[in-house]
Structures are given as structure tokens and as C-alpha cells.
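To start, the structure itself, in C-alpha cells.
The values are calculated or read from the model by the stated rules, or taken from the named source; none is laboratory data. These numbers come from a predicted model, not from an experiment. When we count neighbours, we look across all protein chains shown, and the Cβ atoms used for this are built from the backbone with ideal geometry, even at glycine.
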Amino acid sequence: MGIEERILEILVSNKPGVLARVAGVFGRLGYNIESLCVAETISPEISRITSITNADADFIEKVKKQLGRLVDVIEVTEQLPGQSAQREMILIGMTLNQKNRQEALQTIAMFDCKIISMRNNYCIIQVAGSREEVETVISFLKPLGVDKIARTGVLALQQTKK
Amino acid sequence: MELNGSQILLRALMNEGVDTIFGYPGGSILDIHDELFKSSFKHILVRHEQGAAHAADGYARSSGKVGVCLVTSGPGATNTVTGIATAYMDSIPMVIVTGQVPTPFIGTDAFQEVDITGITRPCTKHNFLVRHIDELANTVREAFYIARSGRPGPVLIDLPKDVMRAMTEYREPVSPSQGSAEPVYLPDAGPLTETVNLIKKAKKPVLLIGGGVIHGRATAELIEFAHKVNIPVTSTLMGLGGFPGTDPLWMGMLGMHGTYYANMAISDCDLLITVGVRFSDRVTGRLATFASNATIVQIDIDATSINKNVLVHIPIVSDCRSALIQLNALLDRNGLEKIREGREDWITRIGEWRTEGPMSYCQGEAIKPQCVIETLYRMTKGDAIVATEVGQNQMWAAQFFRFDKPNTFLTSGGLGTMGYGFPAAIGAQVAFPDRLVVDIAGDGSIQMNIQELATAVNYKLPVKVVILNNGYLGMVRQWQELFYEKRYANTGIGGQVPDFVKLAEAYGALGLRAVKPGEVEATLAKGLEHPGPVLMDFVVEAEEKVFPMVNPGASLTDMKLSSGIGM
């Protein structure tokens with residue numbers, strides 16, 4: 001199996017300190033969290049944590065069991081590709097000028113992105129899609145002078161009823 | 001009726017059946033002490049908060065109840081951390097209540113403020129910061145539930161001073177919600193039947209037990225099981241007392257300082273059934289050769305213990321007692337007589353190993369520490385609660401005292417905390433005022449919590465401390481002798497400093513000393529007879545070592561049985 005990207009969905013009580021406990025389990029076992037998304041679910045007392053870690057196969061068993069020991073953790077599920085829908089959103093800030101304007105606008109149109117704010121030629125571009133798609137957009141815009149990026153990290157939902 | 005936070009805390013504790021608290025006052029916890037003063041709780045005032053935590057632990061280990069510890073904020077709270085980590089590693093149910101600065105001051109570096117929930121997050125089963133008085137009663141209920149349920153452990157409640165002083169209408173706490181605590185695990189039928197089939201086929205089976213048998217109160221079921229199918233039993237340090245040390249099937253402890261025959265048997269067995277163990281590195285030695293010929297069945301309540309260090313063939317996630325009850329029931333229908341008879345060759349083989357490498361030592365001019373423990377065992381007939389410190393004293397106690405009943409051996413197995421034994425013995429003596437409680441100590445570790453002599457004297461707790469005084473931090477010195485070419489860096493601690501007899505007298509306890517082998521029995525007799533706390537200083541052979549010994553990382557069959565001889 002080797003080192004692969006692994007997505008975990010962790011349902012937890014929506015309480016102070018819970019994220020620190022969850023992150024503590026990853027850290028103690030020596031795993032880095034590549035991306036992390038935390039927000040309230042449809043029930044306000046429960047939060048959904050979606051995390052990505054690059055790890056080998058025993059990661060899931062180890063982390064799942066250790067997370068299961070935390071009182072505030074309700075459920076841990078691995079999100080397997082093909083069984084869950086995955087999306088990431090990023091915001092890109094860049095200045096448009098004579099040199100890059102045309103190519104930048106073409107890229108934005110081609111990938112169905114959106115300029116959500118524009119002030120003195122400085123624009124913020126919204127990109128949403130699979131991880132691959134957003135990476136492609138970044139690779140197109142980067143040579144045109146990207147100033148900064150904010151990304152949500154991957155969100156994932158299992159394609160079955162709960 | 002309106003009650004303040006302190007009153008609610010005490011009422012909630014009373015609801016959980018608490019009558020004894022180990023603690024030390026301070027600014028942030030004064031309100032609770034003021035209520036305690038008016039209540040019927042027994043509060044044992046220690047001399048250092050670490051002592052309070054270990055005493056609550058000893059109380060819990062000996063009685064099976066949840067130990068409760070009450071300390072102030074800041075240094076009071078941090079002083080309990082070693083005690084909390086000790087309990088966490090050995091799965092001991094405890095509730096620690098710490099005072100905290102008032103909520104508006106949290107995060108301002110206020111006087112005696114520390115983020116104790118942050119500090120103890122990795123060494124508690126769970127912890128709480130109570131921010132509002134309306135959460136208090138439920139928090140206490142939940143804390144006790146978490147401490148006791150599943151694999152037990154310490155739970156900390158951090159209580160800000162303004163919450164203690166706030167008033168609210170008291171409401172009976174509700175039982176904890178399903179989601180927030182572990183369910184009771186019952187075993188699946190499939191693996192149990194498979195285990196029974198393996199038992200029938202096995203020629204060389206071994207039962208390995210651990211602390212889970214004691215926490216799970218499974219001793220009676222275990223004895224029934226072992227005898228039904230005639231399987232020899234060995235144990236980790238934490239499991240001692242879980243199976244009678246005088247039973248013919250008993251092989252003694254295994255592992256780094258286990259018996260020759262237990263280590264040989266586990267390395268040769270074809271079926272290993274483990275009950276409530278987590279396969280510590282001190283137990284397994286080199287993992288690649290650990291029980292490498294055996295099919296392994298692991299019964300444990302904690303799924304994280306399974307396949308963590310040793311890959312097992314049949315995992316059974318279950319409360320130990322429930323699994324053993326079901327195994328016993330399944331075995332009733334089978335030809336037990338035949339199974340039992342089939343074991344004779346194996347039991348004879350273990351008997352031969354026992355003759356080849358018995359537990360022994362050589363008498364000499366000086367007192368041998370093992371002899372002190374054997375004499376203590378003989379004189380008490382084993383009827384005592386024995387606490388230990390950590391190091392050689394702990395290993396000799398585990399090897400030469402035979403524990404027949406659960407909850408009678410109190411030792412820091414996982415964390416290996418020097419200074420644990422004496423306060424733990426105090427806690428056990430509080431739980432059982434009429435029983436004989438002995439702390440087996442070294443001259444190093446006894447000094448780590450020696451201040452608790454004042455506690456023992458003040459409450460007239462007749463704890464007997466047996467100091468095996470070799471003038472060294474003995475186990476570390478043993479490692480220096482064996483692995484660091486006898487460079488005894490910082491392990492010689494002087495032997496006669498302090499003078500333990502005078503020290504005991506200064507505290508108002510009885511101090512006794514023995515320097516010759518002939519004085520051991522008389523000194524123990526005098527000490528055990530004395531109605532109050534006693535410190536017995538046995539000046540023992542300075543360079544005596546603990547054997548057998550498996551070097552760290554070596555296979556269990558690779559044992560040194562005495563200086564210079566390997567087998």
C-alpha cells in the first residue's frame with residue numbers, strides 16, 4: 001500500500017478543547033495533518049472534522065482506535081475515493097496588469113472560477129472543485145503572479161445515507 | 001433549594017458513594033474546604049499533592065472504588081501530574097478535583113493559574129473545565145462514569161473559584177449520554193468457539209494474565225477456567241494477585257525479571273491465551289521471538305491494546321469477566337477430562353524447567369534483600385496489602401512474595417514512579433484500617449515522598465515500611481554494572497544518609513534497623529507487632545542484583561540467571 005493520502009471524517013461533540021484532543025492523537029503518533037476542516041453539522045451539538053494525512057496503511061487502524069478512546073469523539077470513518085464526494089475551495093489573491101490580464105481572465109473563464117472582489121486591480125478569485133482541479137488552476141495562475149492563497153482543505157461526504 | 005458550587009460538588013460526590021478525599025488546601029480551593037469542614041467527609045491531609053494523588057490511587061487499587069483527590073490551582077494541580085500519569089498508565093479509576101482561578105482571570109497569568117486541563121490532556125482518560133455552575137452536578141456524574149467504565153482511568157475536573165461560589169437551584173444529575181462514554185463490551189460468539197477448539201487441540205498452552213483481570217474482577221472465573229482445562233498461568237507485574245500465587249498451575253511473573261520457567265514456557269507454547277494484558281516491552285522482550293510458535297488469543301476491553309505491539313490471531317474485545325464466563329460455559333459441554341489429561345507432558349516439562357532454574361539466591365555475610373521479602377511473606381502468611389516503590393525493591397517483591405488475592409499488590413507498573421509506594425500504602429490503609437499494609441521500598445525511592453510520614457503519624461495509620469537499604473539507586477546501578485562497565489555515575493546515595501531510624505523518630509514513628517542476617521526476623525516481628533507506623537531499615541548487600549534478567553530488546557529465552565551465567 002505505501003504512503004497515500006488518507007481522508008478521515010471525525011464526528012465530535014461541538015465543545016471547547018475537542019479539536020486540541022483530536023489533533024493531539026495525530027501529533028503523538030507522529031502524523032502530520034495536511035489539511036483540516038472543522039464546522040458544525042446539521043445538529044449544532046456535533047461538529048464534523050475532515051482531515052487529510054499522508055500515511056501508510058496502518059494509520060487508519062491506529063488513529064481510529066486512539067480517536068475512539070476520546071470521550072468527545074462520536075464516530076470515525078475513512079473516506080475512500082469513489083465512495084465519497086470530495087471538494088475543496090480556494091481563494092487566490094493577485095494583481096491584474098497589462099501583462100497578465102488577458103491570460104488570467106481566460107483561465108478564470110476556462111475553469112469556471114469567479115472573481116469575488118476587485119479593488120485597484122487587485123482581485124480575489126474563488127476556485128472550487130476536486131483537489132486535482134484546484135491544483136490545475138493554481139498551476140495555471142502561478143506563473144501569472146499569484147500573491148497569496150487560502151484553502152479550505154478537502155471536504156468529503158460519504159455517498160450513502162447515514 | 002439554592003446551593004453554592006462547593007455544596008453541589010460535595011453533594012454530587014456523596015451521590016457517587018465517596019466518603020474519603022485525599023487533598024491539600026490552597027487559595028483557589030478554600031471554599032470547598034470550608035464546606036468540607038461542615039460535612040461528614042473524611043479528608044486526609046497529606047504533605048505534598050503528589051502524595052494525595054498516589055494515596056487516592058492506592059485507595060482505588062486496594063478497594064476497587066474510585067479514588068478522589070482535591071487540590072488547589074497552579075502548583076497544587078501540577079504536583080498531582082505524576083500521580084495522574086501513574087494512574088493513567090495502570091488504568092486506575094480516579095477523580096482529581098483541582099481549584100482554578102475565577103473564570104474572568106483564566107488566561108491572564110493570574111496568581112497560581114495554570115492550564116491544568118491542557119497539561120493533563122495526554123495523561124487523563126478525560127478532563128473537564130467547569131465554566132458554569134449549571135454544568136457542575138452533571139460533570140461530576142459523568143467524570144465518575146468515565147473513570148469507572150470500560151478500561152478505567154483518571155478523570156480531572158478543573159473548578160474555577162467563581163463557579164464554587166455561584167448559587168443555583170440543585171438538580172439531581174442525569175446519567176451520562178450514550179455517546180460520551182464507552183459501552184460495555186461483550187464478546188462475540190465466533191472467536192470464543194474458535195478459542196475452545198484451539199484449547200482442545202493445543203498440546204502446550206499458556207494463560208497470560210494482566211491488570212485487566214483485577215480491574216475486571218475476573219479472578220474467580222479465571223481460576224475456574226484455568227483448572228477446567230488445566231492450563232499453566234503466568235502474569236505481568238500488573239496481574240499479580242489476579243491468580244493465586246500458591247496455585248499449582250502458577251508459574252510466577254514473566255518478562256524482563258520473570259521466572260526462568262515462565263519465560264521458557266511462553267517461548268515454547270503452541271497456544272497463548274492472554275486476558276487483560278497490553279504486551280508492554282518489559283513483558284515481551286524481543287517481539288520477533290515472543291511466543292513465536294503460538295496461536296495467540298487476546299481478550300481485552302480496550303481495542304487499542306489489540307495488535308498494538310503483538311499481532312494476535314484471535315482478538316476478543318470484551319470485558320475479561322464476561323469472556324471468561326462464556327468460555328467456561330462453552331467448555332461445560334466438552335470432554336474436559338480428556339483435555340486435562342492431555343496436558344500432563346506439558347506440565348511435566350514446565351516442572352523440569354522449574355528444577356533447572358528455580359527462583360533462588362545465595363545467602364552471604366550481609367542481609368540479602370530477597371531474604372527480607374521471603375521472611376516477610378512467611379511471617380505474614382501472605383495476608384497483607386503490599387505496596388512497592390520502583391526498581392529492585394519492586395522486582396524482588398514481585399518475585400518473592402506470593403500474592404493470592406487481587407487488589408493486594410500496589411505497584412506503579414507502567415510509569416514506574418519512584419515515590420509511589422508509601423503514599424499508596426497510606427491510601428490502602430485508609431481504605432482498610434484493620435489490615436496489614438506494607439510498603440517495600442528502596443533507600444532511594446522512599447525519599448521521594450518521605451514527607452508523608454507526617455500523614456501516617458497524624459492519622460495513626462500503621463503502615464509498615466520495609467526499606468531495602470543498599471546505598472544505591474539499585475536498579476540503575478545494576479544496569480551500570482551490566483551495560484556501562486561499572487561506571488556508577490550518580491547512583492551512590494550514601495546508605496546512612498539520612499539515618500532512617502532517627503528520621504522515623506523525628507516524625508514520631510518507630511524506627512528499626514537490621515544489619516545482620518540474624519536480625520531480620522526479630523526486626524520484622526517487632527515492626528509488624530507495633531501498633532503505629534514503622535520504618536524498618538534493612539542494610540542489605542549493596543551489589544545484589546535482580547535475576548533472572550532478560551536484557552532490554554533480547555528474547556525471553558536469553559536470560560541471565562546470576563552474575564556471569566547465561567542460559
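Which ones in the stretch B:457-496 are among the basic types (K, R), closer than 23 Å to B:A431 by Cβ and crowded, with 22+ Cβ neighbours inside 10 Å?
Pass one, the stretch B:457-496, residues among the basic types (K, R): B:460, B:464, B:477, B:486-487.
Adding the requirement that they be closer than 23 Å to B:A431 by Cβ leaves B:460, B:464.
Listed by number, the list holds a single entry, B:K464.
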- Inside the stretch B:218-265, can you point out the residues that are among the polar types (S, T, N, Q) and without any contact (Cβ under 8 Å) to a residue 60 or more places away in the chain? B:T234, B:S235
- Query: So which residues in the stretch B:88-125 are within 14 Å of another protein chain (Cβ to nearest Cβ) and free of Cβ contacts under 8 Å to residues at least 12 places away in the same chain?
  - Reply: B:G107, B:D115, B:G118, B:R121, B:P122
- Item | Qualifying residues in the stretch B:364-386 (those that are of a type outside the set (D, E) and more than 30 Å from the chain's Cα centre (by Cα)) - the one modelled with the lowest pLDDT | B:G364
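Restricting attention to the stretch B:330-360, and to residues there that are among the polar types (S, T, N, Q) and assigned to a loop (DSSP other than H, G, I, E, B), which single residue is farthest from the chain's Cα centre (by Cα)? Steps first, please.
Kept after step one, since they are among the polar types (S, T, N, Q), are these residues of the stretch B:330-360: B:334, B:348, B:355, B:360.
Those left that are additionally assigned to a loop (DSSP other than H, G, I, E, B): B:334, B:360.
On the way: B:N334: 37, B:S360: 25 Å.
Out of the qualifying residues, it is B:N334.
When you check A:S51 against the structure, is it of a type in the set (G, A, S), under 26 Å from B:T139 (Cβ atoms) and more than 10 Å from chain B (Cβ to nearest Cβ), yes or no?
Working: of a type in the set (G, A, S): yes; under 26 Å from B:T139 (Cβ atoms): no; more than 10 Å from chain B (Cβ to nearest Cβ): yes.
So A:S51 does not fit the description; no.
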- Task: Take the stretch B:301-326 and flag every residue that is touching a helix residue (DSSP H, G or I) at 6+ places or on another chain (Cβ under 6 Å) and either crowded, with 24+ Cβ neighbours inside 10 Å or within 14 Å of another protein chain (Cβ to nearest Cβ) (or both).
- Result: B:A303, B:T304, B:I316, B:V317, B:C320, B:L324
- Scan the stretch A:58-85 residue by residue and report those that are within 14 Å of chain B (Cβ to nearest Cβ), not in a helix (DSSP H, G or I) and not charged (D, E, K, R). A:L70, A:V71, A:V73, A:I74, A:V76
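Answer yes or no as to whether B:F128 is under 29 Å from the mean Cα position of the chain (by Cα), of a type in the set (F, W, Y) and within 12 Å of chain A (Cβ to nearest Cβ). Let's see the steps before the verdict.
Details: under 29 Å from the mean Cα position of the chain (by Cα): yes; of a type in the set (F, W, Y): yes; within 12 Å of chain A (Cβ to nearest Cβ): yes.
For B:F128, the condition - under 29 Å from the mean Cα position of the chain (by Cα), of a type in the set (F, W, Y) and within 12 Å of chain A (Cβ to nearest Cβ) - is met.
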- Query: What are the residues in the stretch A:24-48 that are within 14 Å of chain B (Cβ to nearest Cβ) and either more than 22 Å from B:T304 (Cα to Cα) or in contact with a Leu (Cβ under 8 Å, 6 or more places away or on another chain) (or both), if any?
  - Reply: A:V25, A:T41, A:S43, A:E45, A:I46, A:S47
- Every pair of residues 6+ apart whose Cβ atoms lie under 9 Å, when the first sits in the stretch B:483-500 and is more than 12 Å from B:G471 (Cβ to Cβ) while the second is among the hydrophobic types (A, V, I, L, M, F, W, C) and part of a loop (DSSP other than H, G, I, E, B): B:N490/B:L473
- Expected output for the stretch B:428-449 (first residue surrounded by fewer than 20 Cβ atoms within 10 Å (Cβ to Cβ), partner part of a strand (DSSP E or B), Cβ below 9 Å, 6+ apart or cross-chain) is B:F432/B:I385; B:R435/B:I385; B:L436/B:I385; B:L436/B:K464
- For the stretch A:101-111, the count of residues that are part of a helix (DSSP H, G or I) and either surrounded by 13 or more Cβ atoms within 10 Å (Cβ to Cβ) or small (G, A, S) (or both) equals 7
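Looking only at the stretch B:57-80, how many residues end up being among the acidic types (D, E) and more than 15 Å from B:V18 (Cα to Cα)? Don't jump to the end; show me each part of the working.
In the first step, residues of the stretch B:57-80 are kept if they are among the acidic types (D, E); the result is B:57.
Of the ones still in play, those that are also more than 15 Å from B:V18 (Cα to Cα) are none.
Residues that pass the stated criteria total 0.
Residue-by-condition table, conditions (1) part of a strand (DSSP E or B); (2) closer than 22 Å to B:M251 by Cα; (3) in the same structural domain as B:L207 (by TED's automatic domain parsing); (4) free of Cβ contacts under 8 Å to residues at least 60 places away in the same chain:
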{"site": "B:S322", "(1), (2), (3), (4)": "no, no, yes, no"}
{"site": "B:Q326", "(1), (2), (3), (4)": "no, no, yes, no"}
{"site": "B:G364", "(1), (2), (3), (4)": "no, no, no, no"}
{"site": "B:L376", "(1), (2), (3), (4)": "no, yes, no, no"}
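Looking at this structure, is B:V101 outside the structural domain of B:V277 (by TED's automatic domain parsing), under 30 Å from the mean Cα position of the chain (by Cα) and not acidic (D, E)?
Values: outside the structural domain of B:V277 (by TED's automatic domain parsing): yes; under 30 Å from the mean Cα position of the chain (by Cα): no; not acidic (D, E): yes.
Judged against the criteria, B:V101 is not a match.
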- May I ask you to say which residue of B:L192, B:L198, B:L272 is under 21 Å from B:L336 (Cβ atoms), in contact with a helix residue (DSSP H, G or I) (Cβ under 6 Å, 6 or more places away or on another chain), not in a loop (DSSP other than H, G, I, E, B) and not polar (S, T, N, Q)? B:L192
- Item | Matching residues, the stretch B:142-153, being at pLDDT 95 or above and more than 12 Å from chain A (Cβ to nearest Cβ) | B:F144, B:P152
- Okay, strands (runs of 3 or more DSSP E) sitting entirely in the stretch B:1-101 with 2 or more residues that are crowded, with 24+ Cβ neighbours inside 10 Å, I get B:20-23, B:67-71, B:94-100
- Within the stretch A:107-162, track down each residue that is over 30 Å from A:T41 (Cα atoms) and among the hydrophobic types (A, V, I, L, M, F, W, C). A:I108, A:A109, A:M110, A:M118, A:C123, A:F140, A:L141, A:L144, A:V146
- Task: Scan the stretch A:89-100 and give yes if some residue there is under 18 Å from the mean Cα position of the chain (by Cα) and either surrounded by 17 or more Cβ atoms within 10 Å (Cβ to Cβ) or within 13 Å of another protein chain (Cβ to nearest Cβ) (or both), otherwise no.
- Result: yes
